[in-house]
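Chemist: Sharing a structure with you now.
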């Protein structure tokens, strides 16, 4: 029989579970607090639970923990972690320190099947989805490691979060609900390459998270060259879904735009992009591309990036250039995991 993943359970599910094990219902709340508030690294540490109950939990349950395999520390304070899952798969997470607090970028899948041309995460394809507990443990492990609270979580590491939809929703529920880390939904950002039905489904949930769309091109033709998902979803339908998200949630949407020299960074591209998103409550995040050896994409020069930004601002678009962090380590998404998997192979 498959063991129960208790760290992925809601408080109600956990209460039902412990009563089925023959314990009083209040033990569920105690267990929940140990996992999600006190971030206990083991069942043995849960000292106000009876010893017999703890032994029963160890027999009947999976207690998800990640093993820190590697950590790279940048001179700017950014830390990139490589974690091993209990089945031997690897995921990576990045801690970035800002004046407003610690922001953590986590992975939602082991690998990715979306195939975006400039991304190292997708080169080996999708291995599997992460469970809610495996997503949470990235937050918990780094909190334990640093002794510092994480104030913002960005689901923008390896994987397409909306391709792991149900587990993503449970992760958000556990991270932002009472009795755990109690993070504000407004401090959670979820990135997507543009899975139209899932964007619409997420909009219907009316969560107060920020949705970030990986746009990366001002028209369908250029987007198809950079992002295979564009072969399934027309850009017009992606933009319509984003408008629906803004309307139903009242939240401003972020458009992520990786600038690739000679591919999508011309003044004409800026004009076309502005026309595409004009009138949407949005913010554009310009990202000079991180080159990876498997592709020949080049990063634009600084003046070209600034020129693109100036053009968008001239057209009335709210835009920033992403602050470069972790450039002296394996900063691009998927690089650290890929190196590890190559060594294993």
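Chemist: Would you compute, from DSSP H runs of 4+ residues alone, the mean residue ellipticity of the chain at 222 nm, taking -39500 (n - 2.57) per run and dividing by the full residue count, rounded to the nearest 500? If you can, show how the numbers build up before the last one.
Modeler: Values: 11 runs with 124 residues, N = 345.
Result for the chain: -11000 deg cm²/dmol, rounded to the nearest 500.
Chemist: Please list 160-169, 202-211 highest first by mean number of surrounding beta-carbon atoms within 10 Å per residue.
Modeler: Ranked by mean Cβ neighbours within 10 Å, highest first: 160-169, 202-211.
Chemist: Expressed in nm to one decimal, what extension gain is obtained for the pair residue 201 and residue 244 from 0.36 nm per residue of sequence separation less their Cα-Cα distance?
Modeler: Residue separation times 0.36 nm, minus the Cα-Cα distance, leaves 14.5 nm.
Chemist: What percent do you get for the relative contact order of the range 4-62 when only Cα pairs under 8 Å and 6+ apart count?
Modeler: Taking the mean separation of contacting Cα pairs over the length of the range 4-62, I get 35 percent.
Chemist: Kindly provide the pair-distance distribution of the range 4-62 built from C-alpha pairs, with 5 Å bins from 0 and whole-percent values in order of increasing distance.
Modeler: 4, 20, 37, 32, 8
Chemist: Average projected area of the Cα convex hull of the range 67-344, in nm²? Walk me through the numbers on the way to the answer.
Modeler: Values: hull surface 55.2 nm².
Average of the hull's projected areas for the range 67-344 equals 13.8 nm².
Chemist: Multiply the residue gap between residue 5 and residue 219 by 0.36 nm, knock off their C-alpha separation, and tell me the result in nm, one decimal place.
Modeler: Working it through step by step, the gained length comes to 72.7 nm.
Chemist: I would also like to ask the following. For the range 52-177, count all C-alpha to C-alpha pairs, find those more than 21 Å apart, and express that count as a whole percent of the total.
Modeler: Here the tail beyond 21 Å accounts for 41 percent of pairs.
Chemist: Just want the ordering: 155, 289, from fewest to most Cβ atoms lying within 10 Å of their own Cβ.
Modeler: Going from least to most buried by this count: 289, 155.
Chemist: Sorted by mean Cβ packing within 10 Å, highest first, what order do the peptides 238-248, 130-140, 88-98 take?
Modeler: 130-140, 88-98, 238-248
Each reported figure results from applying straightforward, stated rules to the coordinates on display, with no laboratory input. Everything quoted here is computed from the prediction, not taken from an experiment. Cβ sites come from the backbone with ideal geometry, for glycine too, and all protein chains shown count toward neighbours.
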